[in-house]
Amino acid sequence: MKFTFILTTLSLSAICLSLALSPKKAVKKGTKALNDFCGYIPSGKVEINSDTISVQAFYMSKTEITNHQYKEFLADLLHKGEISKFEKAKIDSIRWNEFVPAGNSYSKYYHSHPAYDLYPVVNISKEGAELFCDWLSAKYDSLFEDTHSLKFRVPTRAEWLKAANGESLSKLYSWGGPLTRNAKGSLLANFLRVGAENVTRNESTGQLEVVTPIVLPGIANSEADVLAPATSYFPNDFGIFNLNGNASEMISDGDFAVGGDWKSPGYDIRNISIKPTSGPSPVTGFRVVATYIAPKNI
């Protein structure tokens, strides 16, 4: 089976040529591929629940893992006969029916039609995400043998916050400002927009309440069709896309997802936003982080 895992818009087969190169050239070419796929996040500190936490430098995938990338992983498992892993990692597309109107086509097409290849994969388990990370680590190791190694994994919450906050201990959103539109009025994330027409005041409590919320956020945003493509909107200073909104993202330290999603209102896509997870969901995906181990024997 030819391995053509897409790291960005290019095939990883483009860097397979490094196997025929000298070790130094192989490392140089592999590092370029890593930099195309990931943004480098320097070491620093973040605040979580009033605690200051130190975070060591790491790489983070510039986008949420896409349908195309995840499907290639699943196909490779089937090709190798790793059926038990496939069963744990497979996509549970029927979950769409819990979140969008009856008769929707997402359960049929979102994970299979080429039009959605570059959209975030959702409806997968945390164990599936972890297996993907192991698979990706092994692919890199097989490419570069003993020259260097990369350990891919699901990020911790502190790592995710460091990527979202940048050089600051805390930010509302990864773009830094307090608003969800830029100066030109363009949306900065994919989330549930609730306008004044959806807000009422409860005369008994005096509190504002949302009524008849918008179901499909894509109605107000030509880029989004419920979920938006993985490279939609603007990247942050590290070149990372969609840390806020689109798909909420799994973290390794707890059964939570961070950053909000297409079904979250603007307040719930902040950097510090978390929500409990309980299995595959149409609102939850993941991205990977990697630790780069220096070249050996070179």
_Of the residues LYS184, LYS171, LYS162, only one is under 17 Å from ILE269 (Cβ atoms) and not small (Gly, Ala, Ser); which?_
LYS171
*Do we find a residue being charged (D, E, K, R), surrounded by fewer than 17 Cβ atoms within 10 Å (Cβ to Cβ) and either at pLDDT below 95 or over 26 Å from ILE124 (Cβ atoms) (or both) anywhere in region 226-237?*
yes
*Return only the number of the condition from (1) assigned to a helix (DSSP H, G or I); (2) at pLDDT below 90; (3) farther than 26 Å from THR156 by Cβ; (4) polar (S, T, N, Q) that SER84 does not satisfy.*
(2)
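From the list ILE91, ILE83, pick out the single residue that is out of contact with any helix residue (DSSP H, G or I) (no Cβ under 7 Å at 6 or more places or on another chain) and farther than 24 Å from GLY259 by Cβ.
ILE83
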*asked:* Just to be sure before I move on: is SER61 surrounded by fewer than 14 Cβ atoms within 10 Å (Cβ to Cβ), at pLDDT 95 or above and of a type in the set (Gly, Ala, Ser) in the structure I sent?
replied: no
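Tell me whether region 94-106 contains one or more residues that are modelled with pLDDT of 95 or more and among the polar types (S, T, N, Q).
Step one: list which residues in region 94-106 are modelled with pLDDT of 95 or more, which gives none.
No: zero hits.
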_Looking only at residues that are surrounded by 12 or more Cβ atoms within 10 Å (Cβ to Cβ) and among the hydrophobic types (A, V, I, L, M, F, W, C) in region 200-218, which one is modelled with the highest pLDDT?_
VAL210
*When the residues of region 178-214 are filtered to those that are of a type in the set (Lys, Arg) and part of a loop (DSSP other than H, G, I, E, B), which remaining residue is farthest from ILE272 (Cα to Cα)?*
LYS184
*Counting only residues that are among the hydrophobic types (A, V, I, L, M, F, W, C) and touching a strand residue (DSSP E or B) at 6+ places or on another chain (Cβ under 8 Å), give me the strands (runs of 3 or more DSSP E) lying completely in region 226-298 with at least 2 of them.*
256-258, 289-293
*Give me a count of the residues in region 111-130 that are out of contact with any Asp or Glu (no Cβ under 6 Å at 6 or more places or on another chain), surrounded by 24 or more Cβ atoms within 10 Å (Cβ to Cβ) and outside any helix (DSSP H, G or I).*
4
*In the set SER168, SER149, which member is surrounded by fewer than 19 Cβ atoms within 10 Å (Cβ to Cβ) and in contact (Cβ under 8 Å) with a residue 24 or more places away in the chain?*
SER149
*Which members of region 48-73 meet the condition of being touching a helix residue (DSSP H, G or I) at 6+ places or on another chain (Cβ under 6 Å) and either in a helix (DSSP H, G or I) or on the phi > 0 side of the Ramachandran plot (or both)?*
ASN67, PHE73
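The values are calculated or read from the model by the stated rules, or taken from the named source; none is laboratory data. Since we're looking at a predicted model, the values are computed, not measured. For neighbour counting, all protein chains shown are included, and Cβ atoms are generated from backbone atoms with ideal geometry for every residue, glycine included.
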